[in-house]
Structures are given as C-alpha cells and as structure tokens.
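The values are calculated or read from the model by the stated rules, or taken from the named source; none is laboratory data. All values reported here derive from a predicted model rather than from experimental measurement. Every residue, glycine among them, receives a Cβ derived from its backbone with ideal geometry; neighbour counts consider all protein chains shown. With ligands, DNA and RNA removed, areas are computed over all heavy atoms of the protein, side chains included. Shrake-Rupley method; radii C 1.70, N 1.55, O 1.52, S 1.80 Å.
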Amino acid sequence: MKISQICMAAFLVFVCTVMVQALEPDAAKIGLVKSGKLTQAKASWWGFNTEDSTQSLQAAIDSGVKRLVVDRQASPWIVCPIKLRSNLEFVLEEGTQIVAKRGEYKQNRDALLNLVAIENVRIIGHGATLRMWIQDYLSSDYTRGEWRHAINILSGRNILIEGLLIKESGGDGIYLGVNHDGTRTPCTDVHINKVICDGNCRQGISVISAVNLLIENTIMRNTKGMPPMAGIDFEPNDASECFINCVMKNCVCENNSSTGYILALAQLNESSKPVSITMENCISRNNLRGGFAVTMSNGRDHRGREIKPFTGSIVLRGCRAENEDAGLVFGRKAAAGPLVTVEKCELTDCGRDGKSPIQFYSQCQDTDPIGGVVFKDVTIRNESPSNKPLAFVSGAITGDGLVDVKGSLTIAGKEGQSTLQIDDAWLEKTYPSLKTKKFPAVTLPKFVAPEPVQETGKKAKRAVLSARSDATCLFTATKGQKVRFVVVQRQIGRKGSRFQQPAMTLPSGKVKKLAALKPLGEESVYELTAPETGNYLVRFLIGHNALIVKSSNVPFALYASPYQKIIASRGNFYFRVPDGTKDFQIKVFGAGYGPGEGVKATLFDPDGKEVWIGDTSGELTFYSPETGSVKAGLWKINFAKPSQGIFEDFGLAIEGIPPLFSHDPNLLPVVAP
C-alpha cells in the first residue's frame, strides 16, 4: 500500500471516530459485571454521548465494578456532578478528559467529582484531565460561590489521587473537608501524588481537616479568582477539626495570586488536638504575596471570643521560597502555640519593595506574646538586601515584643555573607516591648446627659464614624424614658457578611434581643421604653461590615473595650476625661503588616492644644500624659490618612477612663458628680 493510501485510510478512520455522536450501552458486558464475572470494566460499556455522558458514567460507577476505566474517546466525557462510591479504582486512560457541562453547576456547592463519606477509593489518571469553567462561574449567570471544586472529598478514608491535571474549577482543585452529618469526621489516610492543579479559582488544594495526609510531587499553580487564591491552604472551619500527621514532600506552588503555602489556623484553640504538619523539599516561587505563611488567633478570635493557643509542631525542612513578597510570614503566632521549626531552608529574592524576607506581625486583639519559632541553617539570598532580614510589626494593644525566636540566619548577597544570631538579647534590643501602662478594666460609673457643647467659629461638618466588625454602644436612660436611636449597616467588600441579631444588656445584667438590622444601607430605627435606670450596652456583631450611628435622643457612644475597630473614618472624634483622673492611655493601631493599613491620629486636650501625633501603619502607637498633667474635660482626636500605607482599617483603645467616644460631642455622657 502506498504512503498516500495509508494516510487516506488513517484520515477516514479519524473522521469516522470524530463523527461518532454516541455509544449505546453494551448489555452483554454489563451483564457480566452484574454477575460478578468481570471485576474490571470500561465506562463506555454503559454508553457515551458527546453532549452529556452523566447518566452513562454514573451508571458505570454505580455498577459495583471494582476497577472502572474511563476510556479515552474522540471528545471529552461531558458531565454534571458525579458521585463516586466506596471500594472503587477509578482509572482515567491517558488523554481522557472529564469536563464539567457548560451551563450546569448552578448550585454554588456543585462539584465535578464527589467523594462523600466513602472509603477505599483510588483515582488514577496519568496524562488525563479534569476540567471545569472558572470564567462561567465568576459571571453574572451564576450565584457567586467558592465551592465548585473539581474533587470534593468529605470525611473520606483511604483515598489515593494520582497523576491528574485539574484545571479551572470554580473553587479548589481538590477539597478535603468534613461531611455535614454532625460527626465532623476528618479525611483520613489520603495520598495525593503527581497531581497538577492549574488555574483554579480559590485554591489549588484546600485542607479543612485531615489525619495521615501525604501530598507529594504535586504542583499548585496559577490560582486566581476568589480569596485566598493560594497554592494550598490548611484552614479549619471549626476548633474540632484537626491536622494530624499531615506531610507534604517535593511539591511546588507557583504563580498564584496570593501565597504559596498557607496555614490559616485561626479557628483552632486550646480545645483542639495538637497539630503536626511537615513540609519537606517544597518550593514556593513567583507568587504575588508570601511563600509560606502561618497564621492563628491569639487572645481573641475574629468573633471577639477569648481563646487560648493550641499546641503542636510545624516543620519546614529543605524548603525554598523564590521571588516572593515575603518568604516566611508569621501572623499572630502566639509564642505559647505550636513550635515552628524552619530547617535547611532558603529564601531567594524575597522581600519586595524593601520589605523583610521574614515577617512577624501581631494585631490588636492579641494578648499573648508573638514568637515560638526556631531557625536552623536558614539562608537568605538577596542581590539587593532589604533593610532587615527579619521584621516585626506590633499591632497588639498589649505592646508586647517578639519572644522565643531563636537560631541563626545566613545572609548572602553582592556584598558577601554574614550571619545573624537571633537570641533573647537580640530580640529585646531590636523588638522590645513598648512598655505600655497596664490599667485595670474600668467599672462604668453613673452617667448623666451632658450640657450641649457650644462650638466656636465656623461649624465643622460632623465626621462619619464607621465601627468595624464588632460594635458595642452604650446609652444611658432613666426608667420609663422613651429611647430612640438610629444606626445603619454599611457593606464592606463585595460579598457582604453574615451578622447576628443585636443584643442589649440592661443595667441589671439581663440580656434582651433587639430586632435584626435592616438590609445594608437602610436605617435601622430602635424605639423602646427603658425598663430600668442606668447604663445599657447594645452589641452589634456585623462580621466584615461596619456600623454607623446616625442619631440618638439619649447619650449614646461607642464603648471601646478593650478596643474598637474602625474603617476609613476621617475627621474629629471625642471622648471625656472625668474629673479627678490621675492617668489614662490612648492607643491607636493599624491592620496588616509591612506597611499595611493605618491612620494618622492627632490628639487635642480640652484647651484645644495639640499634645500628640500617632502616625501608624500596622503597628501600635500610644499616648500617656505626663504625671500630674491630666486635664479633665472634652478631648478631641482627629483621624486622617497615614504617611505610609493605606487609610482603611485601624483601631482605638481608651484605657484608665470610661472607654466611650463619638463623632458627636453632644452624645457623650458625663460622669455623674
């Protein structure tokens, strides 16, 4: 046969193959599977359709066959969500594609392959692809969500995933979470090997709760769409979830829109099981933010609840970070929490824009000192060294420094090589405690309505105070008095936030629920008859949103105890120093790290004299008057844009006096004589 004839024959075979629209089920072979005579089968025996093969593939899985081969067809297996079952070897032939059907996956938790409370499953697909359509899910045609995963494992046990390319999911390439049946059982004995997670929306891989997890030889890259947008994120949803014997080896996170490796452990507390997470010979490179990040709660969690640190061990051994905003980030890492060991690691060209390649930071709610990290044979390679190889931004209202950080760093650059020895003496010299004063909690006195404040000169426009996340307001009233106050909830960010029904604590200590806040942007009007005489506290838990106080017919102020978070509030705000006060303290702090979000605060005494300027971007700054120089009366603090960083999230703490402040001096109560 001539070469031309051979080519023509091959072409005709190709054309015939492509023209096949469907394969009908093979009843004879299906019968052999049902009878148990065959323990291995091809998915196409149950049929194949170029437009939708959901029914065929699901039937093949449900047949009970032990080993199911998804055989390559001339076009992809296009499917709606598929459910796998226990005791299944699910093999994708080389070149096979399982693709999410366009226009489907409308529910924001619809996932491509679902493994819910099942065990003994092997998904093997060397040279095969799982593909979804990220841009569809981010469009206005879909309810916005971050859970349209490619592989969704909930409380799975003895699972192997190997060899797949996982692309463009609407959530994570692989999600390891818990089944929502009340048991919160972690994923156990899961092995992920030689997988590529490419271009997924939220994460390459998310780990919510796992025991005996091994991820090796796996690449997580190009995550972009919805936060956090990391390569991999270990992030529990609840303190009962756990990370026990979780190991990563020879993995790569690259070109992600946030951090390469995130350990976001803020939900864990002293009731949680000790963590044990190890990363060996893992690489993070060219991510938009950090390489390896460990964050946790410290003192208070994001809901304002008091917590104590969890324990355990986190090890980074033989890892590398290259061309990152920061190589290592430790956020709110309590020194009493899990020990972090960084051993034989290298940070190359990490620390953009003069930032440090190793960064520690604390935030306002932190009550435990930051630290608990050991460096062993760690090298920093920067062609143009940053100002500091290791930086600490202290935003905690305690003013604590950095403690329990030990070891040595080798700094290599054009100028040569040097060694930085980190010990207690270096920490105390470089990042000492701010030596803020310690004040006991103030017992609220009896308050009365103030005399109206007469403002001189041109009347200034009232500032708008946006209290963030957790806002407690105090008002005073006498029994039988008609009370009316108006607040507005302002949305922060795109997706809004969940919020709880407001609760009011009466002078007697009784708690009463108030009506829910109106939708975002609408005025919530509260009218009631005071059942008791005294101080009332109203707490608004509004998640990521902000609360604006519009008006009140009784003394009504923000109760900043132990502090109040604020967002982008510019202008003059007021507080009162009672007669007889010997000492007090004002603390202002920003958010984030390196520089981050902050504020310029200018303080004026009752005579209008400027006494202090606190210009902060992330770190804590404070004012304490000199002994014997406290002036009673109405003080003013002006908030403006900081000299560095972003004017957005910041906070205020008032200590030693009633922690009340307002945008309107006429709303501030006065301590009764």
Practice task
Enter the accessible area of HIS191 (Å², nearest 10), with the probe set to 1.4 Å and all protein chains included.
Solution key: 50
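In region 67-194, carbon and sulfur make up what percent of the accessible area (probe 1.4 Å)? Mind showing how you got there, number by number?
Working: 2080 of 4870 Å².
C and S atoms contribute 43 percent here.
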Fill in the blank from the handout: With label points set 7 Å from each Cα along the Cα-to-Cβ direction at GLU343 and VAL486, the distance between them in nm comes to 6.4
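Given only helices, namely DSSP H runs of n ≥ 4 each adding -39500 (n - 2.57), what is the per-residue ellipticity at 222 nm of the chain, to the nearest 500 deg cm²/dmol? The partial results should precede the final answer.
Working: 5 runs with 45 residues, N = 673.
Calculated from helices alone, the mean residue ellipticity at 222 nm is -2000 deg cm²/dmol.
Considering only lysines 8 or more places apart in sequence, or on different chains, count the pairs in region 199-346 whose C-alpha atoms sit under 26 Å apart.
Total qualifying Lys-Lys pairs in region 199-346 comes to 8.
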Handout entry: Within straight-line cross-link reach of LYS66, aspartates and glutamates at Cα separation under 12 Å, skipping those fewer than 8 residues along the same chain
Key = GLU89
Exercise for the section: Calculate, in nm to one decimal, what ASN179 and VAL374 gain on full extension: separation in residues at 0.36 nm each, minus their alpha carbon distance. Expected result: 66.6 nm
Problem - For THR472, distant residues with modelled amide H under 5 Å away - result: PHE540, TYR559
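In Å², and per residue, what accessible area does region 225-278 have when probed at 1.4 Å with the other protein chains present? Let's see the in-between values first.
Working: 1670 Å² over 54 residues.
That works out to 31 Å² for each residue.
Sorted by average packing, counted as other Cβ atoms within 10 angstrom per residue and highest first, what order do 195-208, 111-124 take?
On the way: 195-208: 26.2, 111-124: 20.6.
Put in order of decreasing packing, that is 195-208, 111-124.
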Fill in the blank from the handout: Regression test value, accessible area per residue of region 9-145, probe 1.4 Å, units Å², expected 51
Exercise for the section: Provide the percentage of antiparallel DSSP beta bridges, counting only those with both residues in the chain; round to the nearest 5. Expected result: 40
Exercise for the section: Quick one: which residues, 5 or more positions from CYS253 or on another chain, have an amide H under 5 Å from its amide H? H modelled 1.01 Å from N in the peptide plane, none for Pro or chain starts. Expected result: MET220, ILE283, SER284, ARG285
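Give me the number: length gained by fully extending LYS429 to GLU415, i.e. 0.36 nm times residue separation minus the C-alpha to C-alpha distance, one decimal in nm.
Numbers: separation 14, 0.36 × 14 = 5.04 nm, distance 2.50 nm.
The span from LYS429 to GLU415 would gain 2.5 nm if fully extended.
Based on the Cβ-Cβ distance of HIS126 and SER86, what FRET efficiency does E = 1/(1 + (r/R0)^6) give at R0 = 30 Å, to the nearest 0.05?
On the way: r = 23 Å, r/R0 = 0.77.
Working from the Cβ atoms, E equals 0.80.
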Exercise for the section: With θ set to phi - 60°, apply the Karplus curve 6.51 cos²θ - 1.76 cosθ + 1.60 along region 666-673 and write out the HN-Hα couplings as whole Hz, x wherever there is a Gly or Pro. Expected result: 6, 9, 7, x, 10, 4, 5, x
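Given a 1.4 angstrom probe, I'd like the percentage of the accessible area of region 400-456 that is carbon and sulfur, rounded to a whole number. Could you put the intermediate results ahead of the total?
Numbers: 2100 of 3830 Å².
Carbon and sulfur: 55 percent of the exposed surface of region 400-456.
Given R₀ = 25 Å, what would the calculated FRET efficiency be for GLU94 paired with ASN217, taking r from the Cβ atoms and rounding to 0.05?
Values: r = 18 Å, r/R0 = 0.71.
Calculated transfer efficiency: 0.90.
Taking square-rooted eigenvalues a ≥ b ≥ c of the alpha carbon gyration tensor, is region 242-334 rounded, prolate or oblate, where a/c under 1.5 means rounded and, failing that, a/b exceeding b/c means prolate? Intermediate results must be reported in sequence, preceding the final value.
On the way: a/c = 2.82, a/b = 1.57, b/c = 1.80.
Oblate is the answer for region 242-334, as a/c is 1.5 or above yet b/c matches or exceeds a/b.
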Fill in the blank from the handout: For ALA335, other-chain or 5+-apart residues with amide H closer than 5 Å (H placed, Pro excluded) are ILE370, GLY371
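Expressed in nm to one decimal, what extension gain is obtained for the pair SER408 and ALA640 from 0.36 nm per residue of sequence separation less their Cα-Cα distance? Present the calculation step by step, with values, prior to reporting the outcome.
Numbers: separation 232, 0.36 × 232 = 83.52 nm, distance 4.04 nm.
Contour length minus the Cα-Cα distance gives 79.5 nm.
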Handout entry: Hits among lysines - C-alpha to C-alpha of LYS518 under 28 Å, sequence gap 8 or more where chains match
Key = LYS461, LYS479, LYS482, LYS495, LYS510, LYS550, LYS565
Problem - Pair GLU522, LYS308: separation of 7 Å Cα→Cβ label points (nm) - result: 4.5
Fill in the blank from the handout: Residue-ordered couplings for region 405-422, obtained by feeding phi - 60° into the Karplus form 6.51 cos²θ - 1.76 cosθ + 1.60 and rounding to whole Hz (Gly and Pro as x), are 10, 9, x, 9, 10, 9, 9, 10, x, 4, 7, x, 10, 9, 10, 9, 9, 9
Practice task
Identify all lysines with a Cα-Cα distance to LYS438 below 17 Å; exclude those on the same chain that are fewer than 8 residues away in sequence.
Solution key: LYS582, LYS587
Practice task
Step through the residues of region 86-92 one at a time and calculate ³J(HN,Hα) from phi using the Karplus curve (6.51 cos²θ - 1.76 cosθ + 1.60, θ = phi - 60°), rounding each to whole Hz and writing x for Gly and Pro.
Solution key: 5, 6, 9, 9, 10, 10, 9
